[in-house]
Amino acid sequence: MPIKLGLIGKTNTGKTTFFNSATLSSEEISSYPFTTKSPVSGVANAITLCVHPEFKIQDNPNNSKCLDGWRYIPIELIDLPGLIKDAWKGKGLGNQFLSIAAQSDALLHVVDASGGIDSSGRISEVGTGDPISDFADIEEELTMWYQKILEGNRDKVSKLIKTGANIIDAITDLYRGIGVNKSHVKKTLQATNLEEKDFDNFDMIDSKKFALCLRKISKPTLIVANKIDVEGADKNFARLRERYNDSIVIPVSGDSEFSLRRAEQKGLIKYSPGSETFEIIKSDELNEKQNNALNFIKKGIMGEYMRTGVQFAINVAVFKLLKMNSIYPVADEKNLADKKGRVLPDLLLLKDGATINDLAKEIHTDLTKGLLYAKDLRYNLRLPVDYQLRDRDVVSLVSAAKK
């Protein structure tokens with residue numbers, strides 16, 4: 001599972017409910033603070049349309065599954081403990097949280113859109129809390145942690161630069177362990193206009209500006225406005241979108257998705273994660289409370305927001321934030337199969353801009369040796385090794401050995 005998504009936010013925002021509904025797990029859910037005391041990992045899925053109907057064939061997925069024409073691609077979802085103020089200094093579970101969050105490719109920042117928690121994350125009267133401040137508090141902790149790394153290693157960076165290293169390499173070396181690469185650092189220096197400034201002349205304002213930008217670039221984040229099913233949450237959702245108009249904000253009802261997934265698991269309804277509707281198939285087995293809950297989800301959530309938002313948030317993180325493309329490599333170009341005869345067996349998620357050569361490396365490093373070109377099996381085109389792959393490409397690699 002190459003992609004990791006981390007769930008972050010204050011305690012009691014509904015991160016664990018989101019996690020359970022996405023992974024069909026049963027982690028403890030409670031209203032007291034810090035129910036999640038250590039990171040919990042589970043398997044969720046990014047979902048995209050499969051290409052097999054287009055080719056009028058039946059597929060035999062291997063590394064993913066195909067249901068009703070949709071490909072379910074496993075990704076790792078991590079439920080992280082709620083942060084507290086000064087976590088960047090190591091308070092609470094700060095160091096553990098931040099080190100795990102740093103391993104995530106993207107972050108889903110869950111806030112309580114109902115305003116039902118206070119500034120410390122304790123349950124309070126709905127509408128009295130402020131999700132805008134809650135979001136800002138956690139983002140500040142992450143930024144301060146990034147700044148701490150830079151400020152704590154000033155002498156090291158300065159020494160590297162004076163001995164011949166460029167500033168990009170020197171700074172990247174500090175953050176490499178948390179998934180930061182040279183491209184992230186270069187883009188950050190450019191965006192903050194610090195590219196030409198002597199590192200020894202960086203002041204605290206410069207390092208804070210750098211840390212804020214690097215954190216956003218290296219850990220793309222969307223805002224999950226959870227508990228949208230609670231009265232009054234729609235107003236906070238609108239406020240979040242207006243205040244953070246440079247971020248993607250998605251309305252979510254984790255409780256609703258969890259209820260639908262459990263009902264579907266019990267065979268009471270037919271529902272696909274992320275779908276805009278569901279069908280009740282065993283109405284005689286539903287009690288009044290269950291019927292009322294399902295009616296509310298159908299009208300109050302799907303009728304208003306089209307979907308519960310849980311699966312949508314995951315899909316947006318994978319395909320929009322991380323800009324992943326779905327690529328189908330096959331060995332047998334005639335039958336679109338692998339060497340075992342499985343049709344369209346694998347779906348690989350590759351970053352936008354990835355080339356045929358990158359695909360070969362992803363499958364096996366030896367494949368790059370003697371790689372000549374690839375064949376686009378949709379349009380019967382020969383593609384050079386530096387061709388940038390596009391979403392839903394179906395390709396066969398051709399090497400000197402294979403030829």
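The values are calculated or read from the model by the stated rules, or taken from the named source; none is laboratory data. Keep in mind it's a predicted model, so treat the numbers as computed, not measured. Glycine gets a Cβ as well: all are built from the backbone with ideal geometry, and neighbour counts include every protein chain shown. All accessible areas refer to the heavy atoms of the entire protein, side chains included, with ligands and DNA or RNA removed. Shrake-Rupley method; radii C 1.70, N 1.55, O 1.52, S 1.80 Å.
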Taking Cα pairs closer than 8 Å and at least 6 residues apart, the relative contact order of segment 110-188 in percent is 17
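Please go through segment 184-248 and write out the GluC sites (Glu not before Pro) that DSSP classes as loop and that have at most 13 other C-beta atoms within 10 Å. Spell out each step's value before the answer.
Values: sites: GLU195, GLU196, GLU231, GLU242; in loops: GLU195, GLU196, GLU231.
Sites meeting the loop and neighbour criteria: GLU195, GLU196, GLU231.
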From the Cα centre of segment 187-208 to that of segment 382-398, the distance in Å is 39
Expressed in nanometres to one decimal, the distance between label points 7 Å along Cα→Cβ at ASP246 and ASP200 is 3.1
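Mind checking the full-extension length gain between ILE123 and SER158? Use 0.36 nm per residue of separation minus the Cα-Cα distance, one decimal, nm. The partial results should precede the final answer.
Details: separation 35, 0.36 × 35 = 12.60 nm, distance 4.67 nm.
That works out to 7.9 nm of additional length.
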Answer in debye to the nearest 20: the dipole magnitude of the chain about its Cα centre, from +1 Lys/Arg and -1 Asp/Glu charges placed on Cβ, is 1080
Along the dipole axis of segment 277-403 (charges at Cβ: +1 for Lys and Arg, -1 for Asp and Glu; origin at the Cα centre), the most positive-end residue among LEU348, VAL398, MET306 is VAL398
The relative contact order of the chain, taking Cα pairs under 8 Å that sit 6 or more residues apart, comes to a percentage of 16
Expressed in angstrom and rounded, the centroid-to-centroid distance over alpha carbons for segment 102-142 and segment 253-269 is 25
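Taking a ≥ b ≥ c as the square roots of the eigenvalues of the Cα gyration tensor of the chain, is the shape rounded (a/c under 1.5), prolate (a/b larger than b/c) or oblate? Could the numbers behind the result be given before it?
Values: a/c = 2.29, a/b = 1.01, b/c = 2.26.
Note, shape of the chain comes out oblate.
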From the Cα centre of segment 289-304 to that of segment 237-251, the distance in Å is 25
For VAL230, the net charge from surrounding residues (Cβ-Cβ under 12 Å; K, R +1; D, E -1) works out to -4
Surpassing 32 Å at the alpha-carbon level, of the pairs LYS289/LYS320; LYS299/LYS320; LYS187/LYS334; LYS15/LYS197; LYS187/LYS340; LYS219/LYS375, are LYS289/LYS320; LYS187/LYS334; LYS15/LYS197; LYS187/LYS340; LYS219/LYS375
Nearest-0.05 FRET efficiency for GLU285 and LYS340 at R0 = 56 Å, using Cβ-Cβ distance, is 0.85
Averaged per residue, the 1.4 Å probe accessible area of segment 122-244, protein heavy atoms only, in Å², is roughly 51
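Report, to the nearest whole %, how much of the accessible area of the chain belongs to carbon and sulfur atoms, 1.4 Å probe, protein only.
The nonpolar share, carbon plus sulfur, comes to 49 percent.
By its C-alpha gyration tensor, with a ≥ b ≥ c as the square roots of the eigenvalues, how is segment 157-300 shaped: rounded for a/c under 1.5, else prolate for a/b larger than b/c, else oblate?
Working: a/c = 5.28, a/b = 2.92, b/c = 1.81.
Prolate shape, in that a/c is at least 1.5 and a/b is the bigger ratio.
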Partner aspartates and glutamates whose C-alpha sits under 18 Å from that of LYS323, ignoring same-chain residues fewer than 8 away, are GLU76, ASP105, ASP246, ASP352, ASP358, GLU362, ASP391, ASP393
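May I ask for the net charge around GLN265, where only other residues with Cβ less than 14 Å from the Cβ of GLN265 are counted and Lys, Arg are +1 while Asp, Glu are -1?
Computed value for this residue: +2.
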